[in-house]
1. Can you order the peptides 276-284, 36-44 by their average number of other Cβ atoms within 10 Å per residue, highest first?
2. Assuming R0 = 45 Å, can you tell me the calculated FRET efficiency for the pair residue 289 and residue 62, based on Cβ-Cβ distance, to the nearest 0.05?
3. Highest mean first, what order results for 19-28, 119-128, 148-157, 135-144 on Cβ atoms within 10 Å?
4. How much of the DSSP beta bridge set in the chain is antiparallel, as a percent to the nearest 5?
5. Please express the Cα-Cα pair-distance distribution P(r) of the chain as a list of whole percents, one per 20 Å bin, running from 0 to the bin with the greatest distance.
6. What nm distance separates the two modelled labels at residue 320 and residue 178, each placed 7 Å from Cα along Cα→Cβ?
7. For the stretch 119-204, just say rounded, prolate or oblate: build the C-alpha gyration tensor, square-root its eigenvalues into a ≥ b ≥ c, call rounded for a/c under 1.5, and beyond that prolate if a/b exceeds b/c, oblate if not.
8. Can you bin the stretch 26-169 into rounded, prolate or oblate? Criterion: square roots of the alpha carbon gyration tensor eigenvalues sorted a ≥ b ≥ c, rounded for a/c under 1.5, prolate for a/b above b/c, oblate for the rest.
Ligand SMILES: Nc1nc2c(ncn2[C@@H]2O[C@H](COP(=O)(O)OP(=O)(O)OP(=O)(O)O)[C@@H](O)[C@H]2O)c(=O)[nH]1
Ligand SMILES: [Mg+2]
Ligand SMILES: [Zn+2]
């Protein structure tokens with residue numbers, strides 16, 4: 001970060017965060033925002049502050065209590081250590097793909113989510129629905145951004161397919177390399193607002209950030225080398241300032257979006273199916289062959305896409321499975337923590353005797 005911050009509101013500070021602070025919490029401390037997450041630390045910025053600090057976890061053992069990009073911290077101005085993590089307005093997380101059923105925090109305090117996909121083989125309704133469920137669960141406004149409009153003869157077909165995934169969904173289609181084309185995205189990028197870009201590797205997230213900020217500062221790449229982490233160009237997560245105002249958060253491409261704790265988000269995205277299911281004759285209807293099934297009737301009448309029903313089933317089942325696994329692990333971790341405490345207590349007792 002090289003731009004000095006003079007005004008917290010510019011960084012996204014608002015009454016929601018301010019109301020969390022008693023006057024004494026402000027003594028020798030100031031709010032800072034996590035601007036970037038690196039492997040060995042956090043880059044934080046506030047009024048007159050711009051520095052690297054070590055990673056911070058508010059409650060040991062609680063994965064959700066780790067500071068992530070977009071978070072607000074109260075930084076002690078004597079020790080330059082965070083005193084606390086402020087409550088978040090929104091949080092994006094997913095089950096991490098490689099580390100079993102652990103959570104990965106993607107970003108906090110996001111106002112708008114640009115779900116980026118391109119007008120080519122990356123376009124995948126099931127993947128978009130996953131991101132939409134994440135956005136809905138976090139109460140963040142989703143916008144689908146379709147890139148590479150220049151590579152197709154029929155961008156409107158992609159737009160139509162995307163718009164069907166959620167009633168009222170906003171879909172923009174752009175050539176991410178072209179400043180005139182991406183102007184349609186600027187209404188979301190205004191003072192104090194934070195927009196995160198998510199999507200698969202290679203869809204043009206970093207390209208969009210470069211074009212919108214008017215500076216080619218993030219590396220983008222055409223030909224990707226496969227490594228065990230997938231084909232990623234961007235590896236860290238960071239906030240970038242737009243020339244007028246507002247912040248863009250670039251994230252590394254995700255191969256798998258594992259859903260946990262997003263029951264409400266899934267119900268929101270598939271509200272058309274959920275409403276229909278509520279009118280089936282039997283409360284426990286599985287929408288397979290039951291008489292009086294409103295879901296099957298809607299499919300027969302051409303009002304519901306049978307593929308969408310399949311995707312809903314798959315997502316809902318996966319979510320339940322992953323959420324149960326996480327709950328199990330939390331119970332296990334808690335039991336393990338108790339056991340360790342007990343052992344330490346006994347050891348101290350023995351040492352004393
Ligand atoms: N023709 C065309 N190429 C694009 C467009 N957007 C991005 N590209 C190209 O696609 C390639 C990948 O873009 P990146 O911006 O690196 O993709 P990314 O989403 O940041 O990828 P990761 O960092 O790996 O997640 C680059 O070569 C871009 O120039 C577009 O709208 N049209
Ligand atoms: Mg990138
Ligand atoms: Zn039914």
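Here, each number is a calculation from the coordinates, and none is a lab measurement. Please read these numbers as outputs of a predicted model, since none were measured by experiment. Neighbour counts are summed over all protein chains in view; Cβ atoms, including those assigned to glycine, are modelled from backbone coordinates with ideal geometry.
1. 36-44, 276-284
2. Step by step, r from the Cβ atoms, then E = 0.50.
3. Descending mean neighbour count gives 135-144, 119-128, 148-157, 19-28.
4. 65 percent
5. Pairs per bin, as whole percents: 27, 53, 19, 2, 0.
6. 4.7 nm
7. Verdict is oblate for the stretch 119-204.
8. Numbers: a/c = 2.63, a/b = 2.23, b/c = 1.18.
Prolate is the answer for the stretch 26-169, as a/c is 1.5 or above and a/b outweighs b/c.
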